[in-house]
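K.L.:
Below: one structure in structure tokens.
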Amino acid sequence: MKNTALTHIHESLGAKMVPFAGYNMPVQYEGVNAEHEIVRTGVGVFDVSHMGEFFLKGENALALIQKVTSNDASKLVDGKAQYSCLPNNDGGIVDDLIIYKIEDNHYMLVVNASNIEKDWNWISSHNDLGVDMQNLSDGYSLLAIQGPKAAEAMQSLTSIDLINMPYYSFQIGEFAGLKDVTVSATGYTGSGGFEIYFKNEDAEAIWNKIFEAGKPFGIKPIGLAARDTLRLEMGFCLYGNDINDSTSPLEAGLGWITKFDKEFTNSANLKKQKEEGVSRKLVAFEMQERAVPRHDYEIVDATGNVIGIVTSGTMSPSMNVGIGLGYVPTSFSAVDSDIFIRIRKNDVLAKVVKLPFYKK
């Protein structure tokens with residue numbers, strides 16, 4: 001089990017620690033609902049240093065990225081980031097990721113913790129272009145400072161204009177007295193904020209300065225459990241639950257990051273799928289009575305036939321209603337369609353809704 005550079009701090013704060021993607025990670029501190037509320041209304045900090053960072057350099061770096069990812073990375077300018085995915089050869093997804101353009105011929109790819117080795121091997125296997133690839137995942141820490149007060153709380157630590165930083169842009173500069181920190185206006189919560197990348201040896205100093213600066217704003221450490229409820233309220237896909245090696249990006253509602261004006265892995269088959277239409281879709285649903293849908297619960301129709309499976313589900317802390325995502329036949333995917341979630345042998349009514357669940 002790996003530790004992050006901040007594991008000892010989480011333990012000293014009394015966090016409940018759990019194994020996650022091969023790391024010892026804080027799942028909660030004072031409770032999921034309280035932590036969720038802090039991020040929705042104030043500012044909270046997640047240690048997500050288990051995520052992977054690959055650096056690609058060379059005159060063919062963009063060509064390699066274009067070959068293995070579904071989105072069009074040629075649209076990126078320096079200081080912009082892009083959400084994308086790595087399609088496999090069978091119609092599914094190797095992983096979803098964020099691509100950062102540092103400058104021409106120099107990119108950072110941020111991948112899911114559980115897929116670091118898989119993604120590295122996949123991209124490497126397509127690198128017949130002489131691109132210099134470095135996997136620096138073990139040397140970098142990543143903190144997500146999230147919530148509507150994040151910019152105001154952190155502005156004293158940097159000359160970077162956090163208040164006016166556009167969504168999915170980033171700058172590399174001084175932060176908390178340390179140089180070469182990547183400050184990115186990204187996150188997985190839907191409540192605004194930043195993700196900051198830096199060397200492990202600076203982790204404790206940065207953590208302490210973040211909490212010192214954020215103290216007047218009620219800043220708190222937040223665990224992975226609240227990260228999951230926050231992302232689900234926004235309908236953000238979680239790899240391993242809502243997308244995986246057998247789910248097509250088109251089935252998953254990720255057609256917006258699947259661009260067919262270029263060729264990429266399996267693009268011909270995915271283009272054909274788009275033209276012919278998919279047979280199933282990932283839908284969002286709300287329970288129509290008090291009940292909590294859970295991962296792997298069966299989705300059934302009005303006569304009890306199993307039509308799908310819940311991929312993510314929870315009781316929404318913000319809305320106090322059961323919410324979830326799951327794949328169903330396209331005929332059941334229209335907004336307001338009635339579906340049923342099988343919970344302990346009872347088929348409980350749910351309604352297909354439009355994302356996001358949580359409207360600010």
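The values are calculated or read from the model by the stated rules, or taken from the named source; none is laboratory data. Just so we're clear, the structure is a prediction, and the values are computed from it rather than from any experiment. Positions of Cβ are backbone-derived with ideal geometry, glycine not excepted, and every protein chain shown enters the neighbour counts.
K.L.:
Of everything in the stretch 59-81, what is under 18 Å from the mean Cα position of the chain (by Cα) and farther than 15 Å from G255 by Cβ? Give them in sequence order.
P.N.:
Scanning the stretch 59-81 gives K80, A81.
K.L.:
Regarding the stretch 223-242, can at least one residue be identified that is touching a Gly at 6+ places or on another chain (Cβ under 6 Å), touching a residue at least 40 places away in the same chain (Cβ under 8 Å), surrounded by fewer than 20 Cβ atoms within 10 Å (Cβ to Cβ) and under 30 Å from S316 (Cβ atoms)? Break it down stepwise before answering.
P.N.:
Quick first cut of the stretch 223-242, residues touching a Gly at 6+ places or on another chain (Cβ under 6 Å) only: 234.
Keeping just the survivors that are touching a residue at least 40 places away in the same chain (Cβ under 8 Å) gives 234.
Filter once more, so that each one left must be surrounded by fewer than 20 Cβ atoms within 10 Å (Cβ to Cβ): 234.
Now restrict to residues that are under 30 Å from S316 (Cβ atoms): 234.
Among the residues of the stretch 223-242, at least one is touching a Gly at 6+ places or on another chain (Cβ under 6 Å), touching a residue at least 40 places away in the same chain (Cβ under 8 Å), surrounded by fewer than 20 Cβ atoms within 10 Å (Cβ to Cβ) and under 30 Å from S316 (Cβ atoms), which makes the answer yes.
K.L.:
Consider the stretch 325-356. How many of its residues are touching a Ser or Thr at 6+ places or on another chain (Cβ under 6 Å) and buried (at least 20 other Cβ atoms within 10 Å of the Cβ)?
P.N.:
Adding up the residues that qualify gives 2.
K.L.:
Looking only at the stretch 212-261, which residues are touching a His at 6+ places or on another chain (Cβ under 7 Å) and closer than 20 Å to L282 by Cβ?
P.N.:
T229, L230, N241
K.L.:
Which residue out of L76, L56 is within 26 Å of A151 (Cα to Cα), crowded, with 18+ Cβ neighbours inside 10 Å and not aromatic (F, W, Y)?
P.N.:
Working: L56 fails: within 26 Å of A151 (Cα to Cα).
Selected residue: L76, the only one of L76, L56 that is within 26 Å of A151 (Cα to Cα), crowded, with 18+ Cβ neighbours inside 10 Å and not aromatic (F, W, Y).
K.L.:
I'd like the residue in the stretch 130-182 that is among the polar types (S, T, N, Q) and touching a helix residue (DSSP H, G or I) at 6+ places or on another chain (Cβ under 9 Å) and, out of all such residues, is surrounded by the most Cβ atoms within 10 Å (Cβ to Cβ). Spell out the reasoning first.
P.N.:
Our first condition is that a residue be among the polar types (S, T, N, Q); within the stretch 130-182, this holds for 134-135, 137, 141, 146, 155-156, 158-159, 164, 169, 171, 182.
With the extra rule that they be touching a helix residue (DSSP H, G or I) at 6+ places or on another chain (Cβ under 9 Å), the set shrinks to 135, 137, 141, 146, 155-156, 164.
Working: N135: 18, S137: 20, S141: 24, Q146: 29, Q155: 14, S156: 13, N164: 8.
Here the answer is Q146.
K.L.:
Please work out if F211 is in contact (Cβ under 8 Å) with a residue 24 or more places away in the chain and under 30 Å from S12 (Cβ atoms).
P.N.:
Working: in contact (Cβ under 8 Å) with a residue 24 or more places away in the chain: yes; under 30 Å from S12 (Cβ atoms): yes.
It is true that F211 is in contact (Cβ under 8 Å) with a residue 24 or more places away in the chain and under 30 Å from S12 (Cβ atoms).
K.L.:
Another question, then. Which of the residues that make up the stretch 345-358 are charged (D, E, K, R) and either under 17 Å from C237 (Cα atoms) or modelled with pLDDT of 95 or more (or both)?
P.N.:
Keep residues of the stretch 345-358 that are charged (D, E, K, R), which gives 345, 347, 351, 354.
Correct list: D347, K351, K354.
K.L.:
OK, next. Under 8 Å by Cβ, and 6 or more places apart or on different chains, what pairs join a residue from the stretch 324-347 that is assigned by TED's automatic domain parsing to the domain that holds T303 with one that is part of a strand (DSSP E or B) and surrounded by fewer than 13 Cβ atoms within 10 Å (Cβ to Cβ)?
P.N.:
What qualifies is R342/V306.
K.L.:
Between a first residue in the stretch 261-289 that is assigned to a strand (DSSP E or B) and a second residue that is at pLDDT 95 or above and of a type in the set (D, E), which pairs have beta carbons less than 8 Å apart while being 6 or more apart in sequence or on different chains?
P.N.:
Filtered contacts from the stretch 261-289: R280/E251; K281/E251; L282/D242; L282/E251.
K.L.:
Also: Residue under question is D202, and the condition is that it be farther than 30 Å from L282 by Cα, surrounded by 15 or more Cβ atoms within 10 Å (Cβ to Cβ) and among the acidic types (D, E); does it hold?
P.N.:
Values: farther than 30 Å from L282 by Cα: yes; surrounded by 15 or more Cβ atoms within 10 Å (Cβ to Cβ): yes; among the acidic types (D, E): yes.
Judged against the criteria, D202 is a match.
K.L.:
A further question follows. What residue, of E11, E37, E53, is out of contact with any strand residue (DSSP E or B) (no Cβ under 7 Å at 6 or more places or on another chain), modelled with pLDDT of 95 or more and of a type outside the set (A, V, I, L, M, F, W, C)? Explain how you work it out, then say what you get.
P.N.:
Values: E11 fails: out of contact with any strand residue (DSSP E or B) (no Cβ under 7 Å at 6 or more places or on another chain); E53 fails: out of contact with any strand residue (DSSP E or B) (no Cβ under 7 Å at 6 or more places or on another chain).
Checking each option against the conditions leaves just E37.
To keep it simple, each residue is scored yes or no on (1) more than 16 Å from T265 (Cα to Cα); (2) in contact with a strand residue (DSSP E or B) (Cβ under 9 Å, 6 or more places away or on another chain).
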{"residue": "E30", "(1), (2)": "yes, yes"}
{"residue": "T41", "(1), (2)": "yes, no"}
{"residue": "F46", "(1), (2)": "yes, yes"}
{"residue": "G58", "(1), (2)": "yes, yes"}
{"residue": "L76", "(1), (2)": "yes, yes"}
{"residue": "K80", "(1), (2)": "yes, yes"}
{"residue": "G91", "(1), (2)": "no, no"}
{"residue": "V94", "(1), (2)": "no, yes"}
{"residue": "V110", "(1), (2)": "yes, yes"}
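K.L.:
Please work out if T265 is surrounded by fewer than 20 Cβ atoms within 10 Å (Cβ to Cβ) and among the hydroxyl-bearing types (S, T, Y). Before the answer, list the steps.
P.N.:
Working: surrounded by fewer than 20 Cβ atoms within 10 Å (Cβ to Cβ): yes; among the hydroxyl-bearing types (S, T, Y): yes.
Considered against the rule, which asks whether it is surrounded by fewer than 20 Cβ atoms within 10 Å (Cβ to Cβ) and among the hydroxyl-bearing types (S, T, Y), T265 comes out as yes.
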